[in-house]
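Please treat every number below as a calculation from the coordinates, not as lab data. Everything numeric in this text was worked out from a predicted model, so none of it was measured. Cβ coordinates were reconstructed from backbone atoms using ideal geometry, including for glycine residues, and neighbour counts include every protein chain displayed.
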DNA sequence: TAATAAAACTAACAATTGTTAGTTTACAAT
DNA sequence: ATTGTAAACTAACAATTGTTAGTTTTATTA
């Protein structure tokens with residue numbers, strides 16, 4: 001089941017289209033047209049529209065899962081762990097914004113095993129992040145404010161970065177990393 | 001063009017369905033079934049599927065626009081203005097989470113005049129919030145870190161609150177308000 | 001050159017889509 | 001009781017959907 005060049009092209013282009021209008025609103029004919037071929041020709045390379053969605057989402061979800069597991073099981077300070085989570089999101093956003101958009105918006109159109117698998121990964125991911133935050137509070141590294149709010153404030157920002165981060169802007173990855181970390185750790189108010 | 005009770009029912013139910021699967025993946029037959037009627041019967045009350053989307057999105061978008069304008073033109077401190085923006089989002093999220101989800105995810109399926117109108121409102125909304133932030137930096141109320149990052153960190157969190165805020169939880173609106181304000185203004189790090 | 005494989009094509013399918021036309025039912029007002 | 005209206009219904013439409021079958025083109029290899 002290796003992924004050929006042409007198959008990768010389909011996935012890449014499909015992800016772009018899915019990002020703009022969502023999985024359901026993009027037809028196989030749309031994808032084909034964007035590649036200057038006919039819809040039926042796509043089936044020489046892929047099994048179904050659903051398979052495209054799976055290939056776009058699952059790989060990225062697994063990457064999030066794996067790196068998050070490393071971070072959680074490391075011996076780093078909580079502040080360092082948080083910085084590493086931020087870095088993970090920035091990294092994937094810069095490398096694959098379209099697929100990330102698809103993961104965020106279209107995961108519910110997965111079916112059967114893949115849907116289950118995805119939801120399990122996402123649930124664990126959130127649980128791991130929650131664990132980091134509560135570990136931080138316990139260790140005295142973080143303030144003791146409502147943890148759910150902290151968890152989802154940070155996650156919301158990281159998850160939707162693909163919407164507002166512009167590669168061409170003056171903002172490089174390192175500055176982005178530092179600014180986000182500063183905003184959440186030290187806040188934006190002066191003094 | 002007044003909105004009858006039955007029409008409002010359609011909009012409410014449609015918004016619930018759109019929240020789960022997105023506008024494109026929900027059929028008129030889905031909406032009808034959820035109301036225990038047939039799809040054709042919906043057309044006694046609404047003009048088209050598109051009209052449902054418009055009614056869900058535009059009203060809320062206008063509310064955001066209007067209140068944001070009030071805030072921006074007020075004489076409040078910048079910190080107060082930010083708190084009022086947070087309050088605005090909490091208020092609408094608690095009152096109408098489904099419609100808010102729809103606004104966030106399905107606005108691109110608006111067409112023609114309404115699409116233009118929506119994009120204009122959203123652009124102005126973001127510009128107004130950006131103005132508040134830069135005013136804060138200028139007045140020395142806010143740190144001088146990258147303003148785009150600050151703007152979208154806060155907006156991302158507020159915009160996706162409907163995903164994680166659970167009405168039934170212990171968290172009331174006031175606590176939510178205070179926690180979000182604290183997270184962003186003072187940060188989560190201790191000391 | 002002939003043969004093979006990969007990847008495009010045309011044509012069509014069965015199902016589903018939003019929507020319309022025309023009809024029947026339910027019920028309030030005359 | 002009769003009328004009028006709101007809101008449901010059945011039946012069907014034209015267009016679009018994902019997908020399949022079978023064929024032709026293109027490119028590589030023997």
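Side notes on the structure shown:
- Qualifying position, being out of contact with any helix residue (DSSP H, G or I) (no Cβ under 8 Å at 6 or more places or on another chain) and outside any loop (DSSP other than H, G, I, E, B), among A:20, A:70: A:70
- Members of the range A:48-59 that are more than 7 Å from DNA strand D (Cβ to nearest atom) and away from chain B (no Cβ under 14 Å): A:51, A:52, A:54, A:55, A:56, A:57, A:58, A:59
- Residues of the range B:20-38 satisfying the condition of being near DNA strand C (Cβ under 7 Å from one of its atoms), exposed (fewer than 15 other Cβ atoms within 10 Å of the Cβ) and away from every other protein chain (no Cβ under 13 Å): B:29
- Total residues in the range B:133-180 satisfying the condition of being surrounded by 16 or more Cβ atoms within 10 Å (Cβ to Cβ), out of contact with any strand residue (DSSP E or B) (no Cβ under 9 Å at 6 or more places or on another chain) and outside any helix (DSSP H, G or I): the figure is 4.
- Among the numbered conditions (1) within 12 Å of DNA strand C (Cβ to nearest atom); (2) in contact (Cβ under 8 Å) with a residue 24 or more places away in the chain, the only one that residue B:87 does not meet is (1).
- The set of residues in the range B:163-191 being within 21 Å of residue B:79 (Cα to Cα), more than 9 Å from every other protein chain (Cβ to nearest Cβ) and in contact with a helix residue (DSSP H, G or I) (Cβ under 8 Å, 6 or more places away or on another chain) consists of B:173, B:177, B:181.
- Breaking point among (1) more than 13 Å from chain A (Cβ to nearest Cβ); (2) touching a helix residue (DSSP H, G or I) at 6+ places or on another chain (Cβ under 7 Å); (3) part of a helix (DSSP H, G or I); (4) within 10 Å of DNA strand C (Cβ to nearest atom), for residue B:15: (4)
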